[in-house]
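Here the structure is laid out as structure tokens; the discussion comes afterwards.
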Amino acid sequence: MVYFVGLVGLLLILTAEARVGISSESSFCTESRECLLYDLVCKNDDYEVRHYDSVKWVSTDEECYFMDKATYTAFRRLFKYITGSNKAGVNIDMTAPVTVKIEEKKKMWASSVFTISFLLPSDYQMIHPQPTDDKVYFTETPDMKVYVRSYGGWMMSLTSSVNSMLLKRQLDNVQATYNKDYHYAVGYDSPMKILNRHNEVWYMVEGEPVCPTS
């Protein structure tokens, strides 16, 4: 019985680690040792559908008028957490991607709350050091399917907004159902990388995914 319980526990740990894996398994995750892995459900010329297992993140909120300012402030806060400003005093490897959860129903000239998250490495998916900053907390994304549109260049308020609108238009054209309350801006590269940058927009799939091929 003890052996069975131990085996189940080991399998759970392996399952958690399997979806945060070595970056060489992703063609656009090139600067960190580990990256968020996924299963490709389907793909066409406009977008793709991916399946992600449930994983844990370290997150923080920032209220601001523009994503760029919110991301700058929140990124520094989270970077302090992974570089030793936690109760264990340990350094935690940077991973990819960094996600920004963006409220969809933003009124003109009103501020929004942006939630910025760093993916926790596989070694810290199960047990993670507690933050010393009360603005830093842990989140867990569910087992989910997402609609994904990829684009290059820099992830800024303008480029993120344009690509989210394009993805929404493409999804509406095929009558896909998705969560319209929020979306994610997703970045994979550090500011030091100049060429071949990779960014994404995610919308959460609701119901069965729609992915017609041309």
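The values are calculated or read from the model by the stated rules, or taken from the named source; none is laboratory data. This is a predicted model, so every value here is computed, not measured. Cβ placement follows ideal geometry from the backbone for every residue including glycine, while neighbour counts extend to all protein chains displayed. Just so you know, the surface numbers come from the protein's heavy atoms only, side chains and all, with ligands and any DNA or RNA stripped out. Shrake-Rupley method; radii C 1.70, N 1.55, O 1.52, S 1.80 Å.
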Checklist entry - Looking at (1) modelled with pLDDT under 95; (2) open to solvent by less than 10 Å² (accessible area, probe 1.4 Å), which is the only condition S26 fails? => result (2)
Checklist entry - Would you say K145 is of a type outside the set (V, I, T), open to solvent by 60 Å² or more (accessible area, probe 1.4 Å) and closer than 28 Å to D46 by Cβ? => result yes
Checklist outcome for this item: Exactly one of L171, L78, L120, L167 is crowded, with 20+ Cβ neighbours inside 10 Å, closer than 24 Å to D53 by Cα and over 19 Å from the mean Cα position of the chain (by Cα), and that residue is L171
Next on the checklist: Given the criterion modelled with pLDDT of 95 or more, at negative phi and not in a strand (DSSP E or B), identify the matching residue among D61, D93.
Outcome noted: D93
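Does S59 satisfy the criteria of being surrounded by 15 or more Cβ atoms within 10 Å (Cβ to Cβ), out of contact with any Lys or Arg (no Cβ under 8 Å at 6 or more places or on another chain) and more than 24 Å from R149 (Cβ to Cβ)?
Spelling it out, it is not the case that S59 is surrounded by 15 or more Cβ atoms within 10 Å (Cβ to Cβ), out of contact with any Lys or Arg (no Cβ under 8 Å at 6 or more places or on another chain) and more than 24 Å from R149 (Cβ to Cβ).
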Item to check | Residues satisfying the stated conditions in the stretch 38-95, i.e. of a type in the set (F, W, Y) and over 27 Å from A176 (Cβ atoms) | outcome: Y65, F66, Y72, F75, F79, Y81
Item to check | Condition check for K87: in contact (Cβ under 8 Å) with a residue 12 or more places away in the chain, farther than 22 Å from E34 by Cα and open to solvent by 50 Å² or more (accessible area, probe 1.4 Å) | outcome: yes
Checklist entry - Under the condition of being without any contact (Cβ under 8 Å) to a residue 60 or more places away in the chain and part of a strand (DSSP E or B), which residue from the stretch 96-117 is surrounded by the fewest Cβ atoms within 10 Å (Cβ to Cβ)? => result V113
Next on the checklist: Return the pair list, or none, for Cβ contacts closer than 6 Å from residues in the stretch 26-47 that are charged (D, E, K, R) to residues that are open to solvent by 90 Å² or more (accessible area, probe 1.4 Å), at least 6 apart or on different chains.
Outcome noted: D45/S214
Checklist entry - Which residue pairs have Cβ atoms closer than 6 Å, lie 6 or more positions apart in sequence or on different chains, and pair a first residue in the stretch 131-149 that is more than 29 Å from T159 (Cβ to Cβ) and of a type outside the set (D, E) with a second residue that is open to solvent by less than 50 Å² (accessible area, probe 1.4 Å) and outside any strand (DSSP E or B)? => result P131/Y81
Next on the checklist: Looking at the stretch 153-169, I want the residues that are more than 15 Å from T99 (Cβ to Cβ) and have a partner that is outside any loop (DSSP other than H, G, I, E, B) and open to solvent by 50 Å² or more (accessible area, probe 1.4 Å) with Cβ atoms under 8 Å, at least 6 apart or on another chain. Which pairs are those?
Outcome noted: M156/D68; S157/D68
Checklist entry - Within the stretch 183-207, restricting attention to residues that are farther than 12 Å from M155 by Cβ and either in contact with a Ser or Thr (Cβ under 6 Å, 6 or more places away or on another chain) or at pLDDT 95 or above (or both), which residue is surrounded by the fewest Cβ atoms within 10 Å (Cβ to Cβ)? => result G207
